[in-house]
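Reviewing the structure listed below.
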Amino acid sequence: MIRVFPQGEPVSFDARVRQKGLAHMRAKGIDLDQPLPSGTKLPPYWRGDCLRDLYRLHGGICAYLGVFFEEVTGAGSVDHSIAKSKWPRDAYEWDNYRLACRAMNTKKRDFSDVLDPFCVENGWFQLNLSIGSVHPDPALPLADRDRVMETIKRLDLNDPAINRMRAKHYGEYARGGIDAIHLKETSPFVWHEAVRQGLL
């Protein structure tokens, strides 16, 4: 995981998402400052145009994997950084949305032990580029190292398939199959780690 920078709210977002969502919750008598009652479903106004805006503004990069995915595959989803089930007030807020591939969003669910990509610093999550595995920066204070490790475990960021993907991306660059620009555009986590390690 690398630092993700917030992008400005699209002009049409308030009317298309926020106001429609708030109106629905008012009509249903939902308390915005209490967890949603069990079984309560909110209309997913954050999909459609909102997801397309999020994808475009973040360059198609999954906030948790730090890798590009094609929009046409349908692999994109809107992750609520603060789970909508726990805090309905932010269910329809642009600043609470993170672009995530479906695999990562499915693993994160409504757990609160995953670090926010808007708040991490580059280098907190470090890579062994030859095998693609990720580990916490050993220089971090213990509490921060624990939080990084919890995120790695929750999202299964050392899944063998994910490790192979990262190692493949770096290997393609190391062998000259792709240049540094392409690596940065398609696998920015790997690119950042290669730069940090003086390998690029």
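Say whether the condition of being loosely packed, with under 13 Cβ neighbours inside 10 Å, of a type outside the set (Lys, Arg) and free of Cβ contacts under 8 Å to residues at least 60 places away in the same chain is met by at least one residue in the stretch 160-174.
So far as the stretch 160-174 goes, yes, one or more of its residues are loosely packed, with under 13 Cβ neighbours inside 10 Å, of a type outside the set (Lys, Arg) and free of Cβ contacts under 8 Å to residues at least 60 places away in the same chain.
Do we have Asp31 as farther than 21 Å from Asp116 by Cβ and in contact (Cβ under 8 Å) with a residue 40 or more places away in the chain here?
So Asp31 passes the test.
Pick from Gly21, Gly39: which is more than 30 Å from Asn122 (Cα to Cα) and surrounded by 11 or more Cβ atoms within 10 Å (Cβ to Cβ)?
Gly21
Does the stretch 20-35 include one or more residues that are closer than 29 Å to Leu157 by Cα, outside the structural domain of His192 (by TED's automatic domain parsing), in a loop (DSSP other than H, G, I, E, B) and not hydroxyl-bearing (Ser, Thr, Tyr)?
Yes, the conditions are met somewhere in the stretch 20-35.
I'd like to check which strands (runs of 3 or more DSSP E) are fully inside the stretch 97-197 and have at least 3 residues that are at positive phi and outside the structural domain of Val78 (by TED's automatic domain parsing).
Per the criteria, no element qualifies.
Restricting attention to the stretch 1-19, which residues are assigned to a loop (DSSP other than H, G, I, E, B) and either farther than 30 Å from Glu193 by Cα or not β-branched (Val, Ile, Thr) (or both)?
Hits for the stretch 1-19 are Met1, Arg3, Phe5, Pro6, Gln7, Gly8, Glu9, Pro10, Val11, Ser12.
The values are calculated or read from the model by the stated rules, or taken from the named source; none is laboratory data. Because the structure is a prediction, the values reported are computed rather than measured. Cβ sites come from the backbone with ideal geometry, for glycine too, and all protein chains shown count toward neighbours.
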